[in-house]
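Notes follow the structure.
What follows draws every value from the coordinates through simple rules; no lab data is involved. These numbers were taken from a predicted model, which means no experiment stands behind them. Virtual Cβ from ideal backbone geometry, glycine too; neighbours counted across all protein chains shown.
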Amino acid sequence: MKRVMGLILVPFLLFSAWFVQPVKAEKEEHAWQDEIIYFIMIDRFNNGDTSNDYDVDRDDPKAYHGGDFRGIIDKLDYIKDMGFTALWLTPIVQNEEKGYHGYWTEDFYNVEEHFGTLEEFKELVEEAHKRDMKIIVDLVVNHTGYQHAWLEEKDKEDWFHPNKDIRDWNDQEQVENGWIFGLPDLNQENPEVRSYLLDMAKWWIEETNIDGYRLDTVKHVPKDFWTEFSQEMKTVKEDFFLIGEVWNDDPRYVAGYQETGIDSFVDFPLYNELTRVFSAPNQSLSRLDTVWAHNQNFYDNPYVLGTFLDNHDVERFTRAAIKKKQYPPARLKLALAYMYTTPGIPIIYYGTEIALDGGADPDNRRDMNFRADKEIIDYISKLAELRKNMPSLTHGTIEMLYEEGGMAIIKREYEEETTIIAINNTTGTQVAPIEMELLGDDLELRGTLSDELVRNSDGHYMIGLDRESAEIYTVKEDSGINVPFVGAMVLIYGGFVAFIVAAVVRRKKHND
């Protein structure tokens, strides 16, 4: 019997020894670039409390649909299970009629009754924090709603800029003082207005313990206001995060707002290229590398830029793929693989995980569906797990080793960790020969999304991928062990040994 047990233990010890990985040291310090953000339009996400469904009409794309704080609380575990560590919520303040999106402020100090109560919002923050998730709230200080009470108060006439359209978008004065979409433009140069907005923004932090603001329409507000704003928010909470929306395709223009103290910006130039490259096959990834080169040149810390595929202001990525007669999940998975493995903070718009379709506003704000296929959800969850456990994906250097017609190989390095990302953005199987000198000798690349193993072959690492697929490889010294083969042998050997053991037991019972 001892001999039988020995036969059983040897292969299992060999197999398990291969998978014993050294415990990674904890990251030196927490950084916002380690976060993964899930962006929710509150009204369109989940209706958890029907008692606040005032004038709800789900057939009207410009009316309230019933989403609320309770609905988000009910789905926190769903969000966390996908690996998200922070939530960005559209504005929570009281809005005027049909302001379901939150950007038509009626009262800066009250929560929107359709979403719930202040106490329920505090509960949402508390429940998120229990799950080690942060809350970022969208904040609008550029304008009010169309019918704001201040417009009728004579002593507040100078609280607004004169009612003028923006005719020249290259004229910064018009950009900052004009009324976008006819919304009353606040005059931040007025000391009373400035004080009001600063006090209000600090009050929400103190009252609810939120962790950050997504700053709406940053380029429409003077830089000196943002400088004071940034300083004041940090006095309330030192690590409070500020991510700004500077909607412009020129990274130099966006980066110009760094001087205000805003920590991060949503990366519109990268968004443009992500959509172009991944919404259809056979597009080169080299332009993405060019965007990164620009970001390195223009930003103090490009690793905290917010990367995204779609949001509430642009058509959904799924629609872009459909327009090009593509299968959206396949296209989405490639784009997500790139986003999760390259520098920046991934921001995923609710519904992207189910390939939710949507054209221009308001079609891009459809109601969430929690009964959809889980293909992309599972993929996102795996990417998040890898991003969490591999510091090179959030802190590492990045180098594109190879790009040929849509097949790209990217190397990321951080301290002792090297990771290889392979993306085949073509409609055919591709093989990329990576010269040994670019990686090193006697190494093996092991796939984390599959069991693929790549070793040095005649001075090259031949990385092959099926059409429209991606792989993330860990890089280790060559062990000489083929884990899939060993695993198969363990199963065969184990089954054989189990048969012998069963036979011995039966014989013993027969003899007894």
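Taking the beta-carbon count within 10 Å as an exposure proxy, list Phe268, Phe240, Phe121, Phe370 from fewest neighbours to most.
Fewest to most other Cβ atoms nearby, the residues stand as Phe370, Phe240, Phe268, Phe121.
Convex hull over the Cα atoms of the stretch 40-110, averaged projected area in nm²?
That works out to 5.1 nm².
Return one number: the angle in degrees, 0 to 90 and rounded to the nearest 10, between the long axis of the Cα atoms of helix 268-278 and the longest principal axis of the Cα atoms of the chain.
Tilt of helix 268-278: around 40 degrees.
Neighbouring Cβ atoms within 10 Å as the yardstick, rank Tyr38, Tyr338, Tyr299 fewest first.
Tyr299, Tyr338, Tyr38
Does anyone have the angle between helix 328-341 and the longest principal axis of the chain? Alpha-carbon axes, 0 to 90°, nearest 10?
In the chain, helix 328-341 runs at an angle near 90 degrees to the longest axis.
Between the helical axis of 2-19 and the dominant principal axis of the chain, each derived from Cα atoms, what acute angle in degrees is found, rounded to the nearest 10?
That works out to roughly 40 degrees.
Tell me what the chain gives for mean residue ellipticity at 222 nm when only DSSP H runs of n ≥ 4 count, each as -39,500 (n - 2.57), the sum divided by the residue total, rounded to 500 deg cm²/dmol.
-11000 deg cm²/dmol
Across every pair of different alpha-carbon atoms, what Kirkwood hydrodynamic radius in Å does the stretch 398-481 reach?
12.8
Based on the alpha-carbon set only, what is the convex hull volume of the chain divided per residue, in Å³?
Convex hull volume per residue, Cα atoms: 194 Å³.
Please report, largest first and rounded to whole Å, the three semi-axes of the ellipsoid equivalent to the stretch 31-175, where each semi-axis is the square root of five times an eigenvalue of the C-alpha gyration tensor.
30, 20, 14
Out of the GluC sites (Glu not before Pro) in the stretch 412-443, which ones are loop residues according to DSSP with at most 14 other C-beta atoms within 10 Å?
Within the stretch 412-443, the qualifying GluC sites (Glu not before Pro) (loop, at most 14 other Cβ atoms within 10 Å) are Glu415, Glu416.
Among Asp441, Asp57, which comes first, then next, by fewest other beta-carbon atoms within 10 Å?
Neighbour counts put them in this order, fewest first: Asp441, Asp57.
So who's got an amide H within less than 5 Å of the one on Val93, skipping anything under 5 residues away but keeping other chains? H placed 1.01 Å off N, in plane.
Amide H neighbours of Val93: Glu112.
Please give the peptides 320-328, 216-224 ranked by average Cβ packing (other Cβ atoms within 10 Å per residue), highest first, as a rough proxy for protection.
216-224, 320-328
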